[in-house]
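Novice: Okay, handing you the structure first.
The values are calculated or read from the model by the stated rules, or taken from the named source; none is laboratory data. The structure displayed is predicted, hence computed values, not measured ones. Cβ coordinates were reconstructed from backbone atoms using ideal geometry, including for glycine residues, and neighbour counts include every protein chain displayed. In case anyone asks, the SASA skips ligands and DNA or RNA and just uses the protein heavy atoms, side chains included. Shrake-Rupley method; radii C 1.70, N 1.55, O 1.52, S 1.80 Å.
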Amino acid sequence: MGIPEPTRRERRRAETTAEIKDVALRLMAAGGPVAITLRSIAREMGMTANAVYSYFATRDDLITALIADVYGELADTVEAARDMHPPEAAAARILAWACAFRDWALLHREGFRLIYGDPVPGYQPPAGGAAPEAEHRLCAGLTGLAAGAWPQAGKLYGDTDFEWSDFQPDLVREIARDFPDLPPAAIAVALRIWGHLHGLVSLEILGHMGAQTTNPDKLYRTETAHLIRSLGLTQ
């Protein structure tokens, strides 16, 4: 049997839920994370506060839903870009991930700030985090980029003195499960890739690049190309 079509009531609820999330992100864009309140959303939408509470019982429930949506969309975006290239094309996969990450951030500035910027004051995430699946996908994806580069990068970084004790136990457990053959030095490479990509994008999204460069795209692509070459890869 096929999946039944949603009822009119279900469609309207889904539409209103999506609108609540959109309004929350707009409020955040205008006033920062502290501007996200259920009462302010109700005013923007012409609803009563009680009506909004019927969709999200608490503000923390709404924040959790927003973070889960944003993280999931980001993971989908960078994975799709990466997978346009075969596993053996390590350089192309890093570049594709990097460009997709920046493009997504520029199109979803509020979402980027929600997951990577200042925390929402008073927000208490659920046990295990707001978006554990998406966080794991991004972590595993970056580690996979390092694993793909390791046959070459290992010749340059294999003699570093990193040990498993240099990394958080939860991360070590994930790596041991997903990439059992990688040494600790490869995890340092994954974090180096992450630091390069995330650092420049964060500076741009948070408004710290405008006074220094008129062409942040050129700077980002050049730095990514240098990163790729520093791993012993060619594009």
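Novice: In the chain, with Lys and Arg counted as +1 and Asp and Glu as -1 at Cβ, which of these residues, Ser40, Ala24, Leu191, has the Cα nearest the positive end of the dipole, that is, farthest along it?
Specialist: Working it through, the farthest residue towards the positive pole turns out to be Ser40.
Novice: Within 12 Å, Cβ to Cβ, of Val78, how many net charges do the neighbouring residues add up to if Lys/Arg are +1 and Asp/Glu are -1?
Specialist: Net of charged neighbours comes to -1.
Novice: Turning to a different aspect of this structure: GluC sites (Glu not before Pro) within segment 85-162: which are DSSP loop residues with at most 15 other Cβ atoms inside 10 Å?
Specialist: Sparse-neighbourhood loop GluC sites (Glu not before Pro): Glu88.
Novice: Among Leu145, Leu106, Leu95, determine the one that fluctuates most according to a GNM of the chain built with springs between C-alpha atoms less than 10 Å apart.
Specialist: Among Leu145, Leu106, Leu95, the largest mean-square fluctuation in the Gaussian network model of the chain belongs to Leu106.
Novice: Label segment 113-235 by shape, choosing from rounded, prolate and oblate, from the square roots a ≥ b ≥ c of the eigenvalues of the Cα gyration tensor; if a/c is under 1.5 it is rounded, and otherwise prolate applies when a/b is larger than b/c, oblate when it is not.
Specialist: oblate
Novice: Ignoring ligands and nucleic acids, what accessible area does Ser202 show with a 1.4 Å probe (Å², nearest 10)?
Specialist: 20
Novice: Just the number, please: carbon plus sulfur as a percent of the accessible area of segment 110-235, 1.4 Å probe, no ligands or DNA/RNA counted.
Specialist: Ligands and nucleic acids excluded, carbon and sulfur reach 54 percent.
Novice: Let me ask something additional. Mind checking which of Ala127, Ala146, Ala92 has the largest fluctuation in a GNM of the chain, springs on alpha carbons under 10 Å?
Specialist: Ala127
Novice: Can you send over the solvent-accessible area of Val34, 1.4 Å probe, protein chains only, in Å² to the nearest 10?
Specialist: Rounded to the nearest 10, that gives 90 Å².
Novice: Give me the accessible area per residue for the chain, probe 1.4 Å, as a whole number in Å².
Specialist: Heavy-atom SASA per residue in the chain reads 55 Å².
Novice: Express in Å², to the nearest 10, the accessible area of His136 obtained by rolling a 1.4 Å probe over the protein heavy atoms while all chains stay in place.
Specialist: 50
Novice: Further question: Can you compute the charge dipole magnitude of the chain about its Cα centre, using +1 on each Lys and Arg Cβ and -1 on each Asp and Glu Cβ, nothing else charged? Give it in debye, rounded to the nearest 20.
Specialist: Approximately 680 debye in magnitude.
Novice: Within 11 Å, Cβ to Cβ, of Ile41, how many net charges do the neighbouring residues add up to if Lys/Arg are +1 and Asp/Glu are -1?
Specialist: Net charge in that neighbourhood comes out at +2.
Novice: A further question on this structure: Which sequence of Arg93, Arg229 reflects their accessible areas, 1.4 Å probe, from the largest down?
Specialist: Solvent-accessible surface, decreasing: Arg229, Arg93.
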